[in-house]
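The values are calculated or read from the model by the stated rules, or taken from the named source; none is laboratory data. The shown structure was predicted, so the numbers you read here are calculated from the model rather than taken from an experiment. So basically every Cβ, Gly included, is an ideal-geometry build from the backbone, and we count neighbours across all protein chains shown. Each accessible area value is taken on the protein alone, full model and side chains, heavy atoms only, with ligands, DNA and RNA left out. Shrake-Rupley method; radii C 1.70, N 1.55, O 1.52, S 1.80 Å.
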Amino acid sequence: MAETMKGLKRTCRCGELSLQNAGQQVTVMGWVAKQRNKGGIIFVDLRDRAGLLQIIFEEADCGSESFAKAERLRSEFVIAVTGTVEKRSGAVNENLATGEIEVRAREVRILSEAQTPPFPIEENSRTKEDIRLKYRYLDLRRPDQQEKIILRSKICAAFRRFLTDEGFLEIETPILCKSTPEGARDYLVPSRVHPGSFYALPQSPQLFKQLLMCSGYDRYFQIAKCFRDEDLRADRQPEFTQVDMELSFVDADDVMDVNERLIQYVCREAIGLEIALPLPRMKWIDAMNRYGSDKPDTRFGMELTDVSETVAGCGFGVFTGALENGGSVRGINAKGQAGMPRKKIDALVDFAKGYGAKGLAWLAVAEDGTYKSSFAKFMDPAQLERLVSAMDGQPGDLLLFAADKNNIVWSVLGALRLELGEQMGLIDHRQFNFLWVVEFPQFEWSEEENRYMAMHHPFTMPMEEDLPLLESDPGKVRAKAYDIVLNGVELGGGSVRIFQNDVQERMFTALGFTKEKAHEQFGFLLDAFQYGVPPHAGLAYGLDRLCMLLVGAESIREVIAFPKVKDASDLMTDCPNVVEDKQLTELGIAVAEDSLLR
């Protein structure tokens, strides 16, 4: 039968004790990790968020009543123990922070009993993730999982300390907003008091933080919940957290300076990692040409090589056809992989097709200098020699080529480079490589919409020298935008904002907006800009991604207390779910029958 604390007070957490506390009487509380009855003496490993502590029960010390309770203890019982800290009588456990001590129990109270959990509460659990997420409240008790959530808290605290000391004000912005469907899909919330009308959950606080700059708050930040109804991957969730900021009277260099120092501070405070400043900067076009990605992983080489000029006019139609259609031919050199089995090469070809390639051309340079290739018969020996030379091919190397439009070639080789980097063991997972990617294109062409779309958002300032191209050649306009990247993952992105009305109107025109359409979607911001707006810029971090990388997790689900799975559902609470007809009637909503069959 469960007991109450009856005025008993915890004096410390389990993991906070050491040999310095020997002789002290303490009261600790937590969960039973393990009970071992050795006959006349019982050992209990007690666990709380601070760590494990060994408790020893002997009837002569704690009395028959407490000893009988200790005999009943099972995994995950919640108990309170009062006793004396002693140096361990047995062998020291060097793998445990409290491994030199134990607490000799004087009294134990069983505060809560527990059923046998559906999986062991232990580090590095092998239990399937869907089971662990179904019982997430148990999964969160595992020490390695608690370390990740605690570190996330430390990271948030470090962000707050630094930004507050730098003169930023923490200001909350609304969760119920107006839908602005220019970006990803919105999550919509029906209004009961405004029938037929909907709020949207914010994809970011973008418009509101710009309004705060109009309101004179100068430096704003917020650890903000954001929502996007989009397809999910390991590093995405339907609801996620941003560290959001905006600054007035600044340009791009000012924002990057404060954020470099911020990242340096957060990494030092959270995991003791020292980051050298300034962080390197790389232009977007250079990142794409060298790494096939606007978020390059610079921990290893194997950079892309453009061989378009080398293969121009060769006899291989795949190469020449791509060039005739305005594309390019590029390759990567997998050093020492010439002996890769054909079956494995075919798997790489299939991998490339998953990123839009029609195929993947390959050439292996044997140790004796001869070639084995999927396309050698279409090129003469001199052309092959020039190609191998352009790729710095040496005996033992495997050369892989993609030929298509630039965006497809970049995507294919960028992904293939990362895949081979893992397979070949080229990536040092203990290394943290930060960099800025700058000078993004202002626009990207949407085949679906048949128009230019803003690569970041419609309020990003173009580079001043590119303003004349807004009407004549928008595809060449560069943005005053910047992303901060860590180990091939975009941690955050931002830009200098447009604050002149004439530039904003030209931007909307380039995006295909009429004045009426622009005002319909963003009128409250445009109206505010009529009353004096300072030059301003900002940036937002994906907090979940940053935490994932700093703790070495494979998925952001590991650093979110109660995450969703890939179909945006919550296995623990069984949501989303149907609601009562009464609720739908009050909202004036009818559910179409065919939607229930999808």
*log₁₀ I(q)/I(0) of the chain at q = 0.12 Å⁻¹, via Debye over equal Cα point scatterers, no solvent, to two decimals?*
-1.26
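May I ask for the net charge around residue 28, where only other residues with Cβ less than 13 Å from the Cβ of residue 28 are counted and Lys, Arg are +1 while Asp, Glu are -1?
Working: positive: 9, 10, 13, 47, 49, 104, 106, 109; negative: 16, 45, 48, 102, 107.
Local net charge: +3.
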*Any chance you could check the Cα centroid distance between region 239-306 and region 476-493 for me, in angstrom?*
7
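Can you compute the FRET efficiency between residue 433 and residue 592 using 1/(1 + (r/R0)^6), with r the Cβ-Cβ distance and R0 = 60 Å? Round to the nearest 0.05. Can you show the working numbers first?
On the way: r = 49 Å, r/R0 = 0.82.
My answer for the efficiency is 0.75.
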*Using a simple spin-label model with points 7 Å from Cα along the Cα→Cβ vector, what separation in nm is obtained for residue 25 and residue 95?*
3.5
*Top positive-direction residue, dipole computed over the chain with Cβ charges, set 590, 97, 4*: 4
*Residues whose placed amide H lies under 5 Å from that of residue 491, excluding near-sequence neighbours*: 484, 485, 486
*Extension reserve of the residue 448-residue 126 stretch, reckoned as 0.36 nm per residue once the Cα distance is removed*: 111.6 nm
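Whole number please: convex hull volume per residue, Cα atoms of region 65-148, in Å³. Walk me through the intermediate numbers first.
Values: hull volume 10.8 nm³, N = 84.
Considering the Cα atoms of region 65-148, their hull volume per residue is 128 Å³.
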*Work out the FRET efficiency for residue 424 and residue 274 from their Cβ-Cβ distance, taking R0 = 35 Å, and round it to the nearest 0.05.*
0.75
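Extension gain residue 527-residue 389, at 0.36 nm per residue separation less the Cα-Cα distance, in nm?
Numbers: separation 138, 0.36 × 138 = 49.68 nm, distance 5.98 nm.
Gain on extension, residue 527 to residue 389, equals 43.7 nm.
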_Please give me, ordered by residue number, the trypsin sites (Lys or Arg not before Pro) of region 370-430 that lie in loop per DSSP and have at most 12 other Cβ atoms within 10 Å._
430
*What is the spin-label model distance, in nm, from residue 581 to residue 463 if the labels are put 7 Å beyond Cα along the C-beta direction?*
6.3
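Sort 317-323, 191-197 by packing, meaning the average of other beta carbons within 10 Å per residue, with the highest value first.
Working: 317-323: 18.3, 191-197: 10.3.
Going from most to least packed, we get 317-323, 191-197.
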*To the nearest 0.05, what FRET efficiency results for residue 60 and residue 87 with a Förster distance of 22 Å applied to their C-beta separation?*
0.70
*Could you list the GluC sites (Glu not before Pro) in region 363-470 that lie in coil according to DSSP, counting only those with at most 14 other Cβ atoms within 10 Å of their Cβ?*
367, 447, 448, 449
*Charge dipole magnitude, Cβ of K and R +1, D and E -1 - the chain, Cα centre, debye nearest 20*: 1840
*Can you give the net charge of the other residues whose Cβ lies under 9 Å from the Cβ of residue 124, counting K and R as +1 and D and E as -1?*
-1
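Rounded to a whole number, what % of the accessible area of the chain do carbon and sulfur atoms account for, probe 1.4 Å? Show your work: numbers first, answer last.
On the way: 14580 of 29660 Å².
About 49 percent, which is the carbon plus sulfur part of the accessible surface.
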_For the chain, accessible area per residue (1.4 Å probe, heavy atoms of protein chains only), Å²_ = 50
*Do any GluC sites (Glu not before Pro) in region 194-285 lie in a loop, going by DSSP, with at most 10 other beta-carbon atoms within 10 Å of their beta carbon, and if so which?*
274
